[in-house]
Amino acid sequence: MRKITATTTAALLAGAGATALATPAMADNHEATVSVLHAVPGLTVDVYVNGEETVPDFEPGTLTDPLMLPEGSYDVAVYADGDDPESAEPAISAEGLEVPAGANITLAAHLAEDGTPMLSAFVNDTSTLDAGQARLTVRHAAAAPAVDVRAGGSPVIEGLTNPNEEVLNLDAGTVSADVVLAGTEDVVIGPADLDLAEGTNTIVYAWGSAEEGTLDLAVQTIDGLHGDPGGVPSGLGGAATSTGVLTVLLMAGAAGAVLAGSRLVRREVA
């Protein structure tokens, strides 16, 4: 099992506090909203936070519901399911993760383009949307090459690579798109239609491995972005596996949120 220490994630998290992406819907100004995505195929894990088992039996393709965490510093370690932290080395760990107050974060354990397990922290864009608008975020978190996202046959996002993302604000409604290998006409996903609800940020993650045939998709939805202080962002856990949603994922190659996170770490062995 290879150990990866997410030393750069702390800096990402610290920077997240300065991004004006936090929503006014937080429980209070001393907490952050944190979700965790396990996007490394083939390994069930146990997640420990500050030495305590927080998420046992965490399976690939699972996205946790949002968790309110007090601002502060966290040590996260991920072990293969059933390993004893007293004797085993974590598959992935991150020490001193600074979770900024007011941020909305998704921490994702996934594969790099070359198949190496890695940890990315994404800061979710919860800024207010205009009336009639929706936000689409696409995150490339798979062991796969760069892709172009097309609408009506024309590229709208070009050369999206792992672990990057694109963000697009657009009119709420149905969007049709397909995904091709960058610079080619080779369709790898779609075409498919995606329903984007007003006042939401639909975040699609492409994860898994193209070479191993495990490409899959996970979808997270944050609502309450109408500018109404009463709206509460929510995460929809679970991985959607339909081809249509997967298309959306890559099609969403027009989203723009940055990574930053803190709560569960996920990791895979190799």
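Evaluating 6.51 cos²θ - 1.76 cosθ + 1.60 at θ = phi - 60° for every residue in the range 178-187, the Karplus couplings come out as 9, 10, 10, 4, 3, x, 10, 10, 7, 6 Hz, glycine and proline recorded as x.
Let a ≥ b ≥ c be the square roots of the eigenvalues of the Cα gyration tensor of the range 104-156; is it rounded (a/c under 1.5), or, if not, prolate (a/b larger than b/c) or oblate?
Values: a/c = 5.32, a/b = 1.25, b/c = 4.25.
Oblate, since a/c reaches 1.5 and b/c is not below a/b.
Sort the range 64-197 into rounded, prolate or oblate with this rule: let a ≥ b ≥ c be the square roots of the eigenvalues of the Cα gyration tensor; rounded if a/c is under 1.5, and if a/c is not under 1.5, prolate when a/b is larger than b/c, oblate otherwise. Oblate, because a/c is 1.5 or more while a/b does not exceed b/c. The H on the amide N of ALA91, modeled in the peptide plane, is under 5 Å from the matching H of VAL78, TYR79, ALA80, each at least 5 residues off or on a different chain.
Separation of the range 108-139 from the range 143-182 is 13 Å, based on Cα centroids. The phi-based Karplus calculation (6.51 cos²θ - 1.76 cosθ + 1.60; θ = phi - 60°) puts the 3J(HN,Hα) values of the range 53-64 at 5, 9, 10, x, 6, 7, 9, x, x, 9, 10, 6 Hz, whole numbers, x for Gly and Pro.
We did not get these values from a lab; they are worked out from the coordinates using the rules stated. Computed from a predicted structure; not experimentally measured.
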